[in-house]
Amino acid sequence: LVRARPPPLHSGSVSARSWRERSAAMGKKAAEKKEEPKPKVAEAVDEGPLDEETAKDLAQYDLLPRITPFLDRHFVINMLNDARICGIYKAEDVTRAVLDVCYETLLPHDDVLGWVEEMYTNISEPVPAKWEEHKETLLESFQESEDKVMPLLKILEEEKKVEKIQGFKSRAEMCDEFEIGPDVVEELPRYAKKLFDAGKYDVSLKLLKYYMNMPQAGTAFFVIQHLGSGELEGERFASEEDADKAYKRYEGELRAEQGKQEKGAADASKAVLLTDNDFGERSFFGRNRDRILDMRVWWEKEQARKQAVDEAGDRQLIWGSLAAAILWGSSDACDEAVTETAKMIVKMDEHLENSKAPKREVLLHRTWLLHWTLFAIFRLDNTEAKVLDFFLSEKSLSIISLSCPHLFRYVGACLILHKRLKHIVKDTVWIIHHEAVSYSDPITRFLLALYTEMDYDEAQGELQRCEQVCKADYFLKPHWQEFQENARLHIFESYCRIHQCINIQMIAEKLNMEAEEAELWIVKLIQNAKLDARIDSEKSRVVMTKAPPNVYQQVIEKTKNLAFRSTMLVSNLEKS
């Protein structure tokens with residue numbers, strides 16, 4: 001893809017050398033892999049600008065303003081760059097938007113000012129001074145983060161130590177073994193984010209995977225009990241060492257305060273140091289019943305708060321990994337990136353399924369996930385079956401109906417582009433039909449005309465308009481030829497179900513093809529075993545072979561609603 005981002009780091013910079021060393025040491029295949037052609041999806045991006053009249057026609061089908069609010073800035077840069085090339089928007093406005101997004105997102109490299117100067121030259125404006133200051137600030141921040149996390153990066157370079165990490169029971173044990181501080185471990189995802197912002201998506205993904213496989217950080221409590229009132233105050237620390245320091249500090253303050261009071265003062269307070277393990281022992285509460293009041297209630301509330309914080313942190317890690325995998329797969333033709341993308345989509349789906357967050361928040365996250373899934377389906381080389389199954393599941397279609405009906409365009413496109421989805425076409429088109437009030441475009445109307453109204457003339461007209469939709473759509477543009485071929489096949493198969501003899505001239509008109517072209521197309525279908533028919537050249541017609549009834553399919557159709565009918569029958573019997 002053509003990326004609106006600075007070129008790679010200059011080979012002489014310290015940061016560039018460190019990145020290459022880290023990438024090579026961790027055995028990244030992409031770092032050693034020789035350059036390969038870009039994925040097929042990239043071929044359709046550089047089609048050249050459109051004329052003004054065509055751009056206006058395509059603008060009515062543009063979904064960019066609806067989709068971008070649900071995307072990461074790095075995704076938006078690619079989409080804005082594509083919009084600038086094809087000419088749907090004014091090039092000057094798009095260039096300004098790209099510069100704004102890059103300023104907030106991408107880490108300036110040593111030669112970024114040359115790239116920025118070129119962008120501002122395109123809009124006839126001087127380069128603002130803020131870019132130089134911004135570059136220096138971010139490079140300094142990156143260098144500090146890299147220096148801090150360097151001891152851990154060296155550990156991750158050794159396979160034996162990486163295998164050993166999974167055997168530790170706690171993060172404190174891991175830090176003691178490798179002689180690094182907990183703050184170094186916590187810096188790793190922040191360093192991965194800086195690599196991500198600089199376009200090193202493969203290395204960023206690798207580091208995030210390492211972090212997610214590390215043991216969770218243990219925690220300790222520093223609890224203060226006010227003996228006079230029985231009230232409890234508490235604070236959670238990342239380690240027992242930090243909690244112990246706070247405990248000793250407060251103990252000293254208590255002694256100094258009690259020294260000024262009379263002995264045995266009723267309102268004296270007491271400090272207690274606890275860990276999660278203490279709360280796991282039932283005997284602990286028996287031994288300390290007299291001096292610790294309502295500790296269990298306090299701990300349960302604290303655990304709920306910690307669970308919410310940990311869940312949000314885990315969710316951020318999955319989002320970061322998913323974004324890195326998608327962008328890695330978009331920039332490099334890499335099967336590993338496709339696999340990681342599918343894995344992270346499923347992982348995020350499972351995470352949201354088990355989330356304790358409010359339903360409104362979960363709905364928002366699922367809406368974001370559905371938009372990100374578009375990249376995995378339409379912009380990567382391959383699409384794994386589980387990604388399509390997730391996108392077209394009943395739950396996903398319900399969310400699309402509730403919060404983002406414009407995604408029904410891509411639901412319809414999936415039904416046409418992926419032939420293995422024939423078994424769900426009927427039910428999915430029924431859903432699209434009921435949501436036609438919320439959203440409608442030539443792709444959805446094509447499916448409705450073909451499968452609901454059986455209007456082949458209308459389907460032919462909508463297919464012609466689908467070309468405009470695909471040309472204006474960032475995701476569908478690379479797939480127009482395949483879309484057109486499969487759409488014609490859908491029309492032909494539907495027509496063949498209700499006709500045994502089909503005039504070639506008539507079907508050519510339905511498919512928007514010449515008669516000779518249509519005849520050749522049908523011959524290829526027969527040769528590829530996609531059509532059980534023969535051509536009668538004398539009468540210029542196609543004669544369909546009548547297929548025997550499928551017994552198994554008949555049984556499935558007859559028993560599909562058996563459970564529902566049985567329930568209704570029992571209900572009616574009870575009423576009578």
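The values are calculated or read from the model by the stated rules, or taken from the named source; none is laboratory data. A quick note: this is a predicted structure, and the numbers were derived from the prediction, not measured. Counting neighbours? That spans all protein chains shown, and the Cβs are built from the backbone with ideal geometry, glycine included. Side chains included, ligands, DNA and RNA excluded: accessible areas come from the protein's heavy atoms. Shrake-Rupley method; radii C 1.70, N 1.55, O 1.52, S 1.80 Å.
Can you give the FRET efficiency for Asn122 and Arg305, using 1/(1 + (r/R0)^6), R0 = 56 Å, r = Cβ-Cβ distance, to the nearest 0.05? After rounding, the FRET efficiency stands at 0.65.
Would you mind getting the accessible area per residue of the range 80-195, heavy atoms of the protein chains only, 1.4 Å probe, in Å²? Please list the in-between numbers first.
Numbers: 6070 Å² over 116 residues.
Accessible surface, normalised per residue, equals 52 Å².
Ordering 170-182, 349-361 by mean Cβ neighbour count within 10 Å, with the highest value first, yields 170-182, 349-361. For the pair Glu482 and Glu458 in one chain, pulling the backbone fully straight at 0.36 nm per residue adds 6.6 nm over the alpha carbon distance. For the pair Lys524 and Glu132, label points projected 7 Å from Cα toward Cβ lie 5.9 nm apart.
Could you estimate the translational diffusion coefficient of the range 390-481 from the Stokes-Einstein equation, with Rh from the Kirkwood formula over C-alpha pairs, at 10 °C and 1.306 mPa s, in whole µm²/s?
120
Counting 0.36 nm for each residue step from Gln60 to Arg96 and taking away their Cα separation leaves a gain of 10.7 nm.
Pairs of Cα atoms under 8 Å, at least six residues apart: use those to get the relative contact order of the range 71-217, whole percent.
The value is 21 percent.
Amide H to amide H distances under 5 Å link Arg541 with Ile504, Asp536, where only residues 5 or more positions off or on other chains count and H is placed in the peptide plane. Computed extension gain for Glu52 through Gln143, at 0.36 nm per residue and net of the alpha carbon distance, reaches 28.1 nm.
With all pairs of separate Cα atoms included, the range 75-211 yields a Kirkwood hydrodynamic radius of 17.4 Å. Close amide-amide hydrogen proximity is noted between Leu380 and no other residue 5 or more places distant or on a separate chain, at a cut-off under 5 Å (H modeled in the peptide plane; Pro and chain starts excluded).
Shown is the FRET efficiency for Val543 and Lys419, computed with R0 = 25 Å from the Cβ-Cβ distance and rounded to the nearest 0.05: 0.55.
With a simple spin-label model that places each label point 7 Å from the Cα along the Cα-to-Cβ direction, the separation between Gln554 and Glu186 comes to 7.0 nm. One Cα centroid belongs to the range 428-466, the other to the range 351-380; the line between them spans 27 Å. Taking a point 7 Å from the Cα of Met513 along the Cα-to-Cβ direction, the residues of the range 474-507 with backbone N closer than 14 Å to it are 482-496, 503-507.
Applying a 10 Å radius around every beta-carbon, put 516-523, 565-572 in order of their mean neighbour count, most first.
Numbers: 516-523: 15.8, 565-572: 10.2.
For the peptides 516-523, 565-572, the packing ranking is 516-523, 565-572.
Placing a pseudo-label 7 Å from each Cα along the Cα-to-Cβ vector at Ile535 and Leu562 gives an inter-label distance of 4.5 nm.
Quick one: which of 92-101, 156-165 comes out on top by average Cβ neighbours within 10 Å, and what's the full order, highest first? Don't skip to the answer; put the middle values down first.
On the way: 92-101: 17.2, 156-165: 12.9.
Ranking, from highest mean packing down: 92-101, 156-165.
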